[in-house]
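A short write-up of the structure that comes next.
The values are calculated or read from the model by the stated rules, or taken from the named source; none is laboratory data. Owing to the predicted nature of the structure, the values given are computational and were not obtained by experimental measurement. So basically every Cβ, Gly included, is an ideal-geometry build from the backbone, and we count neighbours across all protein chains shown.
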Amino acid sequence: MPDYAAVSSALTEALKLRMPPIAVCVSVSDAPPAGLSARAPRAAAGCVFWEKAASGGFATSAGDHANCAIGTFTHNLDTTTAHEVDRRDALRVFADLGYVRPEDIPAIPVLALRPRSIVYAPLASTPLPPDVVLLFVRPDQTLILSEASQSLEGGFAPAMGRPACAVVPQVVNTGRSALSLGCCGARAYLDALTDDVAIYAVPGARITEYAGRVSQLAAANGVLSAFHTLRRQDIDGGGTPTIQESLARLQAQSRP
């Protein structure tokens, strides 16, 4: 496997992440990887596992997701008859509120495969190659990631709303990155999903490539931000500097 610890470190350093990158591994096996806990933390919704995984990896079964009627739908997990009733009740409430109408449901991404278990872990110590890597990011960090997506994937990542958990099947099914703005449920359940934070999801198969491009773009953004700051100061002060003059001033400031 790639050196995921180095990849995680590169992403964290380049983006100045507050929370480590999280690996999501969709598995068709019932048995968790050797040495990984099969005792998942109790969670009101599947998205809570993203946050819990920052402290260490664990494997989840369909039963561990039983409190989340929508998450089991987006992740195509086995369910019980009682759980299906719970989901219908939830969807009825959503429809009554005009939140999720019946015609909206077919547009919600659902995993194309039916997983037997899902592993969540810090990317740095993932026991399996991740299918998706989740990054909790602010707008300035999202800017760099969107630039990376544009250059590596030939297009911009879609910005998704409810449900937040749908970002995982979106990335798994398409092999392309996506931005989740969260949903009211995820924002109620996750402490890390504050008002200034969203979730950028990257296909695990390309995470090493992303780390390299993100590092390059983060460094470039740092230089260009300083350039534009100096240029604004000069122009606001009545000057009309050329690009070469602004570059020269930036280089002068950069000298020790």
Could you list, in sequence order, the residues of the range 54-89 that are surrounded by 16 or more Cβ atoms within 10 Å (Cβ to Cβ), hydrophobic (A, V, I, L, M, F, W, C) and free of Cβ contacts under 8 Å to residues at least 60 places away in the same chain? ALA62, ALA66, ALA69, PHE73, LEU77
Given the conditions (1) in a loop (DSSP other than H, G, I, E, B); (2) closer than 22 Å to ALA66 by Cα; (3) touching a strand residue (DSSP E or B) at 6+ places or on another chain (Cβ under 8 Å), which single one is not true for ALA23? (1)
Within the range 50-73, is there a residue that is under 20 Å from ALA178 (Cα atoms), at pLDDT 90 or above, of a type in the set (Asp, Glu) and in a helix (DSSP H, G or I)? yes
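Check the range 6-14 and report whether any residue there is modelled with pLDDT of 95 or more, part of a loop (DSSP other than H, G, I, E, B) and out of contact with any Leu (no Cβ under 9 Å at 6 or more places or on another chain).
Kept after step one, since they are modelled with pLDDT of 95 or more, are these residues of the range 6-14: 6-14.
The next check asks that each one be part of a loop (DSSP other than H, G, I, E, B); those that pass are none.
No: the range 6-14 contains no residue that is modelled with pLDDT of 95 or more, part of a loop (DSSP other than H, G, I, E, B) and out of contact with any Leu (no Cβ under 9 Å at 6 or more places or on another chain).
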Top-ranked residue of the range 35-47 - restricted to ones that are hydrophobic (A, V, I, L, M, F, W, C) and closer than 12 Å to VAL119 by Cβ, ranked as surrounded by the most Cβ atoms within 10 Å (Cβ to Cβ): ALA40
Report yes if SER29 is at negative phi, in contact (Cβ under 8 Å) with a residue 24 or more places away in the chain and of a type in the set (Gly, Ala, Ser), otherwise no. yes
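Any residue that is part of a loop (DSSP other than H, G, I, E, B), free of Cβ contacts under 8 Å to residues at least 40 places away in the same chain and either surrounded by 21 or more Cβ atoms within 10 Å (Cβ to Cβ) or out of contact with any strand residue (DSSP E or B) (no Cβ under 6 Å at 6 or more places or on another chain) (or both) - is there at least one of those in the range 203-217? Let's see the steps before the verdict.
To start, the set of residues in the range 203-217 that are part of a loop (DSSP other than H, G, I, E, B) comprises none.
Among the residues of the range 203-217, not one is part of a loop (DSSP other than H, G, I, E, B), free of Cβ contacts under 8 Å to residues at least 40 places away in the same chain and either surrounded by 21 or more Cβ atoms within 10 Å (Cβ to Cβ) or out of contact with any strand residue (DSSP E or B) (no Cβ under 6 Å at 6 or more places or on another chain) (or both), which makes the answer no.
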Subset of the range 92-116, residues under 28 Å from SER27 (Cβ atoms) and not β-branched (Val, Ile, Thr), comes to PRO106, ALA107, PRO109, LEU111, ALA112, LEU113, ARG114, PRO115, ARG116
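Do we have any residue at all in the range 129-142 that's within 23 Å of ALA62 (Cα to Cα) and of a type in the set (Ser, Thr, Tyr)? I'd like the intermediate steps shown before the answer.
Initial filter on the range 129-142 (within 23 Å of ALA62 (Cα to Cα)): 129-134.
Next, from what is left, pick out any that are of a type in the set (Ser, Thr, Tyr): none.
Scanning the range 129-142 turns up no residue that is within 23 Å of ALA62 (Cα to Cα) and of a type in the set (Ser, Thr, Tyr).
Quickly run through the range 112-123 and pick out the residues that are within 14 Å of LEU36 (Cβ to Cβ) and under 19 Å from the mean Cα position of the chain (by Cα). Show your work before the answer.
Going residue by residue through the range 112-123, those that are within 14 Å of LEU36 (Cβ to Cβ) are 117-122.
Matches in the range 112-123: ILE118, VAL119, TYR120, ALA121, PRO122.
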Does LEU179 meet the test of being surrounded by 15 or more Cβ atoms within 10 Å (Cβ to Cβ), within 22 Å of LEU11 (Cα to Cα) and among the hydrophobic types (A, V, I, L, M, F, W, C)? yes
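Could you tell me whether any residue of the range 226-245 is within 26 Å of the chain's Cα centre (by Cα) and either modelled with pLDDT under 95 or not small (Gly, Ala, Ser) (or both)? Walk me through it before giving the result.
Filtering the range 226-245 for residues within 26 Å of the chain's Cα centre (by Cα) gives none.
No, the range 226-245 contains no residue that is within 26 Å of the chain's Cα centre (by Cα) and either modelled with pLDDT under 95 or not small (Gly, Ala, Ser) (or both).
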Output the residue which, of all residues in the range 150-165 that are under 13 Å from the mean Cα position of the chain (by Cα) and buried (at least 18 other Cβ atoms within 10 Å of the Cβ), is farthest from ILE105 (Cα to Cα). ALA157
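Got a sec? Which strands (runs of 3 or more DSSP E) wholly within the range 103-185 have at least 1 residues that are touching a helix residue (DSSP H, G or I) at 6+ places or on another chain (Cβ under 8 Å) and in contact (Cβ under 8 Å) with a residue 40 or more places away in the chain?
Working: elements: 117-122, 132-137, 178-180.
Counting at least 1 such residues, we get 117-122, 132-137.
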